[in-house]
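The values are calculated or read from the model by the stated rules, or taken from the named source; none is laboratory data. All values derive from a computational prediction rather than experimental measurement. Positions of Cβ are backbone-derived with ideal geometry, glycine not excepted, and every protein chain shown enters the neighbour counts.
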Amino acid sequence: MANLITHSPILIIAIPLLAAFLTPLIDRVSKKARDILVIASLALAEFLVIILARDIYPNGLHIYTLGASSPDLTIPENYIVPVRIILEVDSMSIFMAIITATVSLAAAIYSLSFMKEETGQNRFYTLLLLLAAGMFGMELTGDLFNLFVFLEIASIAGAALTAFRTRFADAAEGGFKYIVVSSVAALMVLFAIGILYAQYNLLNIGALAHVMQYTMLDKIALALLVIAFMMKLAGVPLHMWCPDTYSVAPASITIMLVAASYACLYALFRTCFTLYGVCLNLVTVGWIVIIFGVLSMFIGVTMAVFQTDIKRLMAYHCISQTGYMLLGIGVGLAVLNQPEALSTYGIAAMDGGIFHIINNALYKGLLFLTAGALFQRTGTRDLNKMGGLAHKMKWTTIFYIIGALSISGIPPSNGFASKLLIYESVYRFNPILAIVAMITSILTLASFTKAFYSAFMGAELPEYQEVKEVPKSMIAGMAILAAGIIFFSLFPGLVVDRLAHPATAALISQGVYINGIMGGGG
Amino acid sequence: MSILGLGYSPWSSIFWLLAFVVVTIMAYFFRRHGQKGYKKDTAQTKIFLCGEEVPEAKQRHIRAHNVYWGFFETMKEYYDANIKAHTGIINDYIIWFIVLIAISAIILFIVGIV
Amino acid sequence: MTQGIPFNVPFLAVAAMIGIAFYIIISQRNLIKLVMGLSILASGANLFLITLGYREGGVAPIYTYTPAGIMVLPVPQALTLTSIVIAVACLALMLSMVIHIYRHTGSTDSEKSRIMKG
C-alpha cells in the first residue's frame, strides 16, 4: 500500500491513458467489456486520488521524479538543478485532482445511457479517457512544458468531443471555436515558456521560482501566461467561445470541459503564487485578477438572464461563477505580503474562492446533466418550446432544484457557505466588490428561476405527453454529484478545514514547494 | 456540528435545518386548524379567471423570451451594446485577445507598474 | 554560420511571423485561411524555441565524434519536436471541422457560417 501511494502520481495519469489506448481494442471484443473498462479505469483513478489525498494532508507534499532510481531523487549526483520531469503534488494539486476524478466518473456513468444511440462510441470513450488523462496531467505536474503538453492533450480531446455529434450543424462550429481559441492560448503559453527557458535554462516550476529575478522579459512572460490562461478559463473579455462550446457539446462532455477550465484556473494560480510568488508587484497583479473576476461575474450573469437556450444560459453562469473564484483568490493575492490583512481576511477569501471551485464543479455539473436529460427527452434545448416537464420527469426536477438553489447561494446549500466566505472577507477588503458579488447572486437566482419556470413549471403541454423519466445510469451520474452537494451542504466546516484550507496554505507557502524540489534527493 | 467560522459570523447548516424543521412543524400545526377537505375533480380544483374562458396550456404558458420583460426594457442600452459585442465571429474573439495584450503592454511599458 | 548576418535576424523573423499570423487570424474571414494563420503562428513559436537555443559558434548537440567547443542547446529542439507534433494534430482537427461546417452551412465564411451569436 505504501508502494502504491508512492507511485500513485504517475499511476493517476497513466491508468486513464492506458485505458484510452485499450478501449478501441476491447471494443472489438464486446461493448459491455469496453463500458466496464472505462468505468473501472476512472474508478481506479478516483481511488488512487483519494488514497494519495489521505497521505498528503498529514504528511505534506509528494514528489515523483520520472525515470530516476528513486522517486524523490530530484537532483541527481553532481547536478545542481533538477533535470527530469518531476510530478509535484501538494494539497492544491490533489484538491483539483479530486474534482477532476469525481466529475470524470460521473460523466462516464452518465454517458453510458446518453450516448447509447450514437455510432463510433469507442472513439467517444477513447477521447473521454484522454481528456481525463490530460486534466490529471495538468494538475499533478511540476514542470512547465509538461503542463503545456497536457494542456494541448486536453484541448484537442475536448474539441473533438464537442464536435462529436457531427449531425448537428452547430456542434462543428462550437468545436472549431474551441480548438482555435485553445491553440492560440497554448501557443502563447509555449512562447512564454520559451522566454523563461531562454533566461534561466530551467523548465521546472520549483527550480524557476528559486532563481527567478524579475526582469522585463519575465514580466512579458507573466503577461502572456496570465492572458493565455484567462482565455482558456473563459474570463471576460475572452469568454465568448464559452457559451458556443458548452451549449453544443454532449452534456457529459460539457461538465468535463468545465473541469478542464478549472485545471487552467489551477495553472493560473500556480503561475501567480508559486512560479512568481513574492517577486511580483502583488497589489497590481492581485487587482488585475480582481478586475477580471468582477467583470466576469457581472457580464456573465447579465448575459445569462437574457438567454433562451438552456445550456447557453448555464454556460454564461459558468463564466460568472469563475468570476467568484478569481475575486476570492485575487483578494488573497493582493494582500499576500501584508501579514495582518492576510490572516484577518486574506486567507478566508482564498478559502472561499477555493471552496467555490469544488462547489461549482459539483452544482454546475449537476445542472448541465439535467439540461442533457431535458435534451434527451424533448429533443430541444430551446426554453421557448419547453413547458410543464415537472409532471413527468420528477428526478430531473429534484436534481435541478438542488443545483439551482446551490448556485444561487440559498442557505443551507454549499454555494451559500462558499459565497458567505467570499462576501465577508471581500467586504473587508473593498465593500464595492462584495456588493457586485451580491447583485450577481440575485441575478443568478433570477435566471435559474426563469429557466425553472419555462422548462418545468406550468401545465402539461400536449406535445410532451409521452415524455418519460431518463434512464437509470443518467440518474446515477446525477446522483453522484447531488450526493456530493448534499454532503458539502451539511458539513461545510469540515470540508473547508480538511480540503480547502490546506490548499490555501499550500498556495501561499511558495517556499515549501521550492524546497520539495531543490532540497530533495542526492 | 460542522461550523464554518470566520470569527465574527459562524454559519452552520445543521442549525439552520433544525430551525427550518421547527418552523415547518409550527406551520403544519397552524394549517391543521384551517378548513378541512375539498372535493377533488369538481369545479373547486379548476383554474378560475373571473369567469373568463381559460386558454389551453400551450397559450397559457409564458415563453422564455417574454419572462422578465421589464428588466430588459429598463436596461435596453446595456443589453444592446452587449449583444452587439457578442458577435459569434471567431475573428472577433482573437481581436479581444490582441486588445488585452495591447493593454498589458501599455501597463507594463508605459505606465511601468507590475 | 551567421557570419555577416546580425544575431537578431531570426528573432526578427519570429516577430514578423507571429505578427503576420495574428493579422491573418484577425482579418481573414475564410476559415481555411484562418487555419493557415494558426499554422504560421505555430511555426513562429517553433522557430522561436529553436533560435533561443543557439550559441555563437556552437555545433550540433550530438555526442559522438564531436569537435571540441560549445554545442547549441538540445532541450529546445526536443520541445520543438513535441510542439510540431501537437500542431499537426490541431491542424488536422481544425481542417476536418471546417469541412463539417461547410457541409452543414454551405459556406466557409466565418460570418455567414455562424449559427450561434449573442
> Applying the selection to region C:10-23, what residues are within 24 Å of A:GLY175 (Cα to Cα) and surrounded by fewer than 20 Cβ atoms within 10 Å (Cβ to Cβ)?
Replying inline: C:TYR23
> In region A:417-455, what residues are of a type in the set (Lys, Arg), in contact with a Ser or Thr (Cβ under 9 Å, 6 or more places away or on another chain) and either closer than 19 Å to A:ILE299 by Cα or not in a helix (DSSP H, G or I) (or both)?
Replying inline: A:LYS419
> Of the residues A:GLY206, A:GLY286, which is part of a helix (DSSP H, G or I), farther than 23 Å from A:TYR423 by Cβ and over 18 Å from the mean Cα position of the chain (by Cα)?
Replying inline: A:GLY206
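If you check A:ALA263 against the conditions, is it on the phi < 0 side of the Ramachandran plot, away from chain B (no Cβ under 12 Å) and modelled with pLDDT of 95 or more?
On the way: on the phi < 0 side of the Ramachandran plot: yes; away from chain B (no Cβ under 12 Å): yes; modelled with pLDDT of 95 or more: yes.
Yes: the conditions hold for A:ALA263.
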>> Could you check region C:86-105 and list, in sequence order, the residues that are closer than 28 Å to C:LEU52 by Cα, at the interface with chain A (Cβ under 8 Å from one of its Cβ atoms) and not small (Gly, Ala, Ser)?
In response: C:ILE86, C:CYS90
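On the given criteria, is A:ILE253 more than 14 Å from chain C (Cβ to nearest Cβ), touching a residue at least 24 places away in the same chain (Cβ under 8 Å) and closer than 19 Å to A:ILE85 by Cα?
Numbers: more than 14 Å from chain C (Cβ to nearest Cβ): yes; touching a residue at least 24 places away in the same chain (Cβ under 8 Å): yes; closer than 19 Å to A:ILE85 by Cα: no.
For A:ILE253, the condition - more than 14 Å from chain C (Cβ to nearest Cβ), touching a residue at least 24 places away in the same chain (Cβ under 8 Å) and closer than 19 Å to A:ILE85 by Cα - is not met.
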> Which one is surrounded by the fewest Cβ atoms within 10 Å (Cβ to Cβ) among residues in region A:175-196 that are touching a residue at least 12 places away in the same chain (Cβ under 8 Å) and more than 13 Å from A:SER155 (Cα to Cα)?
Replying inline: A:ILE195
> Just wondering, is there one or more residues in region A:414-431 that are surrounded by fewer than 23 Cβ atoms within 10 Å (Cβ to Cβ), of a type in the set (S, T, N, Q) and within 21 Å of A:LEU295 (Cα to Cα)?
Replying inline: yes
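Let me confirm something: among A:LEU421, A:LEU443, A:LEU490, which residue is touching a residue at least 24 places away in the same chain (Cβ under 8 Å) and more than 8 Å from chain B (Cβ to nearest Cβ)? Walk me through how you get there before you give the answer.
Numbers: A:LEU421 fails: more than 8 Å from chain B (Cβ to nearest Cβ); A:LEU490 fails: more than 8 Å from chain B (Cβ to nearest Cβ).
Criteria check complete, one pass: A:LEU443.
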> Applying the selection to region A:228-267, what residues are hydrophobic (A, V, I, L, M, F, W, C), over 11 Å from the mean Cα position of the chain (by Cα) and not in a helix (DSSP H, G or I)?
Replying inline: A:ALA234, A:VAL236, A:LEU238, A:MET240, A:ALA249
>> Out of the helices (runs of 4 or more DSSP H) lying entirely within region B:30-93, which hold 2 or more residues that are at pLDDT below 90?
In response: B:57-60
>> Considering only residues that are aromatic (Phe, Trp, Tyr) and within 27 Å of the chain's Cα centre (by Cα), which ones fall in region A:440-488?
In response: A:PHE448, A:PHE452, A:PHE487, A:PHE488
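Here's the yes/no breakdown for (1) under 20 Å from A:LEU203 (Cβ atoms); (2) part of a helix (DSSP H, G or I):
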{"site": "C:ILE40", "(1), (2)": "no, yes"}
{"site": "C:ALA45", "(1), (2)": "yes, yes"}
{"site": "C:PHE48", "(1), (2)": "yes, yes"}
{"site": "C:ARG55", "(1), (2)": "yes, no"}
{"site": "C:ALA68", "(1), (2)": "no, no"}
{"site": "C:LEU79", "(1), (2)": "yes, yes"}
{"site": "C:THR82", "(1), (2)": "yes, yes"}
{"site": "C:VAL88", "(1), (2)": "no, yes"}
> Got a number for residues in region A:456-487 being within 14 Å of another protein chain (Cβ to nearest Cβ), assigned to a helix (DSSP H, G or I) and either in contact with a Leu (Cβ under 6 Å, 6 or more places away or on another chain) or modelled with pLDDT under 90 (or both)?
Replying inline: 4
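From the list A:THR308, A:THR302, which one is farther than 20 Å from A:GLY174 by Cβ, surrounded by fewer than 23 Cβ atoms within 10 Å (Cβ to Cβ) and either at pLDDT below 95 or aromatic (Phe, Trp, Tyr) (or both)? Spell out how you get there, then give the answer.
On the way: A:THR308 fails: farther than 20 Å from A:GLY174 by Cβ.
None of the others qualify; the one that does is A:THR302.
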> Exactly one of (1) of a type in the set (Ser, Thr, Tyr); (2) loosely packed, with under 13 Cβ neighbours inside 10 Å; (3) within 18 Å of A:ALA304 (Cβ to Cβ) is unmet by B:TYR79. Its number?
Replying inline: (2)
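Listed here are the residues, each with its yes/no results for (1) within 8 Å of another protein chain (Cβ to nearest Cβ); (2) in contact with a strand residue (DSSP E or B) (Cβ under 7 Å, 6 or more places away or on another chain); (3) closer than 18 Å to B:ILE94 by Cα; (4) crowded, with 18+ Cβ neighbours inside 10 Å.
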{"site": "C:ARG29", "(1), (2), (3), (4)": "yes, yes, yes, no"}
{"site": "C:LYS33", "(1), (2), (3), (4)": "no, no, yes, no"}
{"site": "C:LEU41", "(1), (2), (3), (4)": "yes, no, yes, yes"}
{"site": "C:ASN46", "(1), (2), (3), (4)": "no, no, no, yes"}
{"site": "C:GLY57", "(1), (2), (3), (4)": "no, no, no, no"}
{"site": "C:LEU79", "(1), (2), (3), (4)": "yes, no, no, yes"}
{"site": "C:ILE84", "(1), (2), (3), (4)": "no, no, no, no"}
> If A:PRO339 satisfies every condition in (1) within 26 Å of B:GLY112 (Cβ to Cβ); (2) more than 13 Å from chain B (Cβ to nearest Cβ) but one, which is the exception?
Replying inline: (1)
